[in-house]
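The values are calculated or read from the model by the stated rules, or taken from the named source; none is laboratory data. From a predicted model like this one, the values you see are computed outputs, not experimental measurements. Backbone-built Cβ (ideal geometry, glycine too); neighbour counts: all protein chains shown.
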Amino acid sequence: MTTVAANPAATPSAVDVGIVGADVRIPLVTGEQVEYANFDYAASAPCLGAVRRRLEEALPYYASVHRGAGYHSQVSTDAYEAARRSVARFVGARGNDAVLFVRSTTDALNLLARSVPDGCTVVVFAGEHHAALLPWQHRGARAGRVVRLPLPAGPEDAVAAARAALLDAPEGPRLLCVTAASNVTGEIWPVDELTAVAHSAGARIVVDAAQLVPHQAFSLSRSGVDYVAFSGHKLYAPFGAGVLAGRTDWLRAAVPYLAGGGATASVTEDDVRWNDLPARHEAGSPNVLGAVGLAAACDTLRAAGQELLHAEEQALLDRLRAGLAAIPGVHDLSLWDAGGPRVGIVSFVVDGIAADLLAAALSAEYGIGVRDGLFCAHLLTRELLPPGHAQAVRASLGLGTTAAHVDRLVAAVAELAERGPRWDYELEDGRIAPVPDPRRATGGSIDPQ
């Protein structure tokens, strides 16, 4: 039987962690062309070269999985299930944990929200990303009590608040939901301590690790976390693939999140008998290539050594934060002590310049991609914004970020803070855009040539 893409066994120094499009040059409104400086990894990370190669290997054998006798179907099935094993290794899954392929972190947490036992008390902090904040309020008949805790003043306060809320909850199942690393500030939450608190109170914990696992290693078995959710598109893999991994009993007892083929063991006129895990919650034709690409990213990061990659990123993050801090009128957003542990995310504002205008000018005049807005964490971002600012700019780092990119961003922000944009900008289709925009080709698309 043909196999698709064995796990990499290279030493960290030999592992290729290059990204697709790292050397792409883009046009500026001034007529120049520059290498694109991507600071939008927290939204979606570019594809790893290793992921592209694995997908190219899989494509000739691409077919529906699990229910086909044909050779391509069998090869694709083997690749899909091998991908599940790769992901299990990546998150340090315990021997009896389920690894479910879903569409995204949002999909994973909505699946879990519909799988918790009836009457479950869910404790969540107000500063969560919407993917971790909102699913618990839309659980239908399984709805129990949702306790939304205010933003804590520090990690110790988060632990104390979670302990009090869980101990105060009525008898019955309880679940603590927490984001491991903030997509607004990059601050890392005390997951180990929160896990210990949850378990001491007889509760479980689910961790939204979408912003953590691209930057540093995470292990279910080491941490004791009950469930973890993350997305492929933030992990240098394609869109449309995500993971929910963790304990099986709630997931096995729940009615399938999606009803359809694959989730069913038998259907008669009068009855439906559902499959066991993982098929129970993977109805329909699964995203085979998404799973294969996600597994390739997991294998590559493991082989490269996430500790080494994290250390390199931290040096760039320190360089960026120090550079921005030296610019008059720039304020970065922090929930806690600015010296606490973080992943490569910095959100900031510049006095006198709206965030959307700043982001548009960085793109059009400097070839720098950032994100502006409230980052799908509206409660947290609004709480952290200084007076006079309605939104923020977010710069996020990843494997393709270089010291030259960081210095270019700092210099650009310094110039814009001092004298403002050089170009004219207007609101167009809900976004601030340069006017005129000489980059626009016939038909209204941006022409990279």
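So is A315 of a type in the set (A, V, I, L, M, F, W, C) and either buried (at least 19 other Cβ atoms within 10 Å of the Cβ) or in the same structural domain as S104 (by TED's automatic domain parsing) (or both) or not? Talk me through it step by step, then tell me what you get.
Values: of a type in the set (A, V, I, L, M, F, W, C): yes; either buried (at least 19 other Cβ atoms within 10 Å of the Cβ) or in the same structural domain as S104 (by TED's automatic domain parsing) (or both): no.
For A315, the condition - of a type in the set (A, V, I, L, M, F, W, C) and either buried (at least 19 other Cβ atoms within 10 Å of the Cβ) or in the same structural domain as S104 (by TED's automatic domain parsing) (or both) - is not met.
Identify all residues within the range 301-325 that are under 20 Å from G339 (Cβ atoms) and either touching a residue at least 60 places away in the same chain (Cβ under 8 Å) or in contact with a Ser or Thr (Cβ under 6 Å, 6 or more places away or on another chain) (or both); write none if there are none. So that I can check it myself, show each step before the final result.
First, pick out the residues of the range 301-325 that are under 20 Å from G339 (Cβ atoms): 310-325.
If the condition is that a residue be under 20 Å from G339 (Cβ atoms) and either touching a residue at least 60 places away in the same chain (Cβ under 8 Å) or in contact with a Ser or Thr (Cβ under 6 Å, 6 or more places away or on another chain) (or both), then H310, E313, L316, L317, R319, L320, G323, L324 are the ones that fit.
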For the range 255-289, which residues satisfy the criterion of being assigned to a loop (DSSP other than H, G, I, E, B) and touching a helix residue (DSSP H, G or I) at 6+ places or on another chain (Cβ under 8 Å)? P256, Y257, L258, G262, A263, D276, L277, P278, P286
Is it the case, given these coordinates, that V197 is at pLDDT 95 or above and in a helix (DSSP H, G or I)? yes
Return the residues of the range 109-140 that are closer than 18 Å to H281 by Cα and small (G, A, S); say none if nothing qualifies. A113, S115, G140
Among A196, A254, A259, A203, which is the only one that is surrounded by fewer than 16 Cβ atoms within 10 Å (Cβ to Cβ), more than 14 Å from the chain's Cα centre (by Cα) and among the hydrophobic types (A, V, I, L, M, F, W, C)? A259
Only one of F101, F90 that is touching a Pro at 6+ places or on another chain (Cβ under 7 Å) and buried (at least 24 other Cβ atoms within 10 Å of the Cβ): F101
In this structure, is E187 touching a residue at least 60 places away in the same chain (Cβ under 8 Å) and surrounded by fewer than 24 Cβ atoms within 10 Å (Cβ to Cβ)? yes
